[in-house]
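Read through the structure below, which is laid out as structure tokens, and then see the notes.
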Amino acid sequence: MSTGVRRRMGVEERRQQLIGVALDLFSRRSPDEVSIDEIATAAGISRPLVYHYFPGKLSLYEAALKRAAEDLAGRFAEPHEGPLGARLLRVMGRFFDFVDEHGPGFSALMRGGPAVSADGVSSKDHVSATNALIDSVRQAAYEQILAHLGVTDASPRLELVIRSWISLAESTALLWLDGRRIPRAELEIQLVHDFAALAAVSAAYDEGMATLLKEMVKDEPADGPFAELVGRLLSLAP
């Protein structure tokens with residue numbers, strides 16, 4: 001039988017609770033629009049107690065951002081089994097799951113975070129930390145794609161292809177959030193096609209990329225994403 005006595009949280013447990021509450025609020029609205037009072041209310045504590053655990057909204061935002069960045073980086077992890085096209089499609093599905101769940105927060109993350117804290121303190125001092133988190137996600141994605149390709153030391157052209165594709169995925173997601181005017185599933189498959197297309201263009205200029213491209217597609221099934229791209233391109237020919 002419950003006594004109705006609320007259990008007192010430890011310091012780290014309370015910090016993690018606040019980070020979770022803040023991340024949920026930042027995911028639904030721009031961080032600039034979320035106040036410390038709202039975070040306190042959602043956590044069931046007082047405003048001064050929030051400041052006991054975090055110096056201000058920006059420090060709490062950074063902590064929430066770090067958790068979100070770790071989550072997003074994990075979305076690129078995928079077992080190295082089966083055709084590459086299908087693997088990339090599953091990765092894009094999880095990537096867009098994150099974007100869908102954390103829309104405003106994702107937008108703020110990609111655009112550098114909130115402009116000011118609740119007390120008007122400039123976030124310029126936090127820009128480098130925010131950028132470092134963003135770069136850590138991009139680097140994790142880059143390393144995951146290299147691993148899927150079975151490459152440990154990327155050539156300059158391969159690095160260009162992968163990093164360009166990661167940037168394209170980011171910008172595509174941001175544009176999709178602005179009205180969601182293109183079906184998400186179409187964008188997921190389009191981005192997989194984009195990866196193959198970027199690799200193919202690079203292969204036209206580099207023998208090493210041409211060899212890698214052949215390895216990429218040799219085990220692709222007739223109904224896989226890469227084969228679908230070839231079919232779509234052939235249908236455009238006169």
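The values are calculated or read from the model by the stated rules, or taken from the named source; none is laboratory data. All values reported here derive from a predicted model rather than from experimental measurement. Heavy atoms of the whole protein, side chains included, go into the accessibility calculation; ligands, DNA and RNA do not. Shrake-Rupley method; radii C 1.70, N 1.55, O 1.52, S 1.80 Å.
Leaving out ligands, DNA and RNA but keeping every protein chain, what accessible area does ARG232 have, in Å² rounded to the nearest 10, with a 1.4 Å probe?
Surface accessible to solvent at ARG232 totals approximately 140 Å².
If the reach is capped at under 13 angstrom between alpha carbons, list the aspartates and glutamates near LYS66, excluding any in the same chain fewer than eight residues apart.
List returned: ASP135.
Heavy-atom accessible area of ASP153 with all protein chains present, probe 1.4 Å, nearest 10 Å²?
130
Please report the relative contact order for the chain, taking Cα pairs under 8 Å with a sequence separation of at least 6, and give it as a percent rounded to a whole number.
21
Work out from phi, with θ = phi - 60° and the Karplus expression 6.51 cos²θ - 1.76 cosθ + 1.60, the ³J(HN,Hα) of each residue of region 156-171, listed in order in whole Hz, and give x for Gly and Pro.
Per-residue couplings from phi come out as x, 5, 5, 4, 4, 4, 5, 5, 5, 5, 4, 4, 5, 4, 4, 5 Hz.
Output the 0 to 90 degree angle, nearest 10, between the alpha-carbon long axis of helix 225-234 and the longest principal axis computed from the alpha carbons of the chain.
Once rounded, the angle reads 50 degrees.
If you count only protein heavy atoms and use a 1.4 Å probe, how large is the accessible surface of SER155, to the nearest 10 Å²?
Solvent-accessible area, nearest 10 Å²: 50 Å².
Could you let me know the centre-to-centre spacing of region 61-96 and region 161-238, using Cα atoms, in angstrom?
Taking the Cα centre of region 161-238 as reference, the centre of region 61-96 is 17 Å away.
Can you give the extra length, in nm with one decimal, that the chain gains between ALA210 and LEU49 once fully stretched, where that is 0.36 nm per residue apart less the Cα-Cα distance?
Contour length minus Cα-Cα distance gives 52.0 nm.
Given the rule -39500 (n - 2.57) for each run of at least 4 DSSP H residues, summed and divided by the residues of the chain, what is its mean residue ellipticity at 222 nm, to the nearest 500 deg cm²/dmol?
-22500 deg cm²/dmol
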